[in-house]
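Engineer: For reference, the structure I am asking about is given below.
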Amino acid sequence: MFSLSRFFGVLGVYVAYTLFISLYFPTRDPALFVGLLLLGIGALFYLIFFARGVFADPKHKRLLAEGKDAVAVVQGVADTGITLNNSPYVRLTLDVYPDGAQPFRAEVKVFVSRVAIPRVGDRLSVKYDPRRPQDLIVV
């Protein structure tokens, strides 16, 4: 989860890094200065956005930790027109069969492997929130 205190802590380290580089290296080698500055910018973005989980979906984490297991049968597959790293983003219509509860229908959008796109009739493992059955993830 994004934390403002973490953000300012990382930003403070970056400012100190930049001050050190700008005071020490410009007089010696400008190419080294630019390289270290770019390295620092890349490290800053990595620390702020990726290493700290800014883009991690809290709902996904919650369902992985607390969700109830169920089996889902694919009833429909639709391409959304989005592809990332050669993996299509598809909309799956699922009939979910939880243990000891009524079956229900849900839709979920997921990235899938191009060579293993789910087909109608395939069985998938899912986790869902019993309070909000429409909140589910494919595991």
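Engineer: Is it the case that Arg105 is modelled with pLDDT of 95 or more and within 15 Å of Gln134 (Cα to Cα)?
Structural biologist: In short, yes.
Engineer: Further question on the same structure: Given the criterion touching a residue at least 12 places away in the same chain (Cβ under 8 Å) and either part of a helix (DSSP H, G or I) or touching a Ser or Thr at 6+ places or on another chain (Cβ under 8 Å) (or both), identify the matching residue among Ala101, Ala65, Ala72.
Structural biologist: None of the other options fit; the residue is Ala72.
The values are calculated or read from the model by the stated rules, or taken from the named source; none is laboratory data. Keep in mind that what you see is a predicted model, and the values were worked out from it rather than measured. Because the Cβ atoms are built from the backbone with ideal geometry, glycine has one as well, and the counts that use them run over all protein chains shown.
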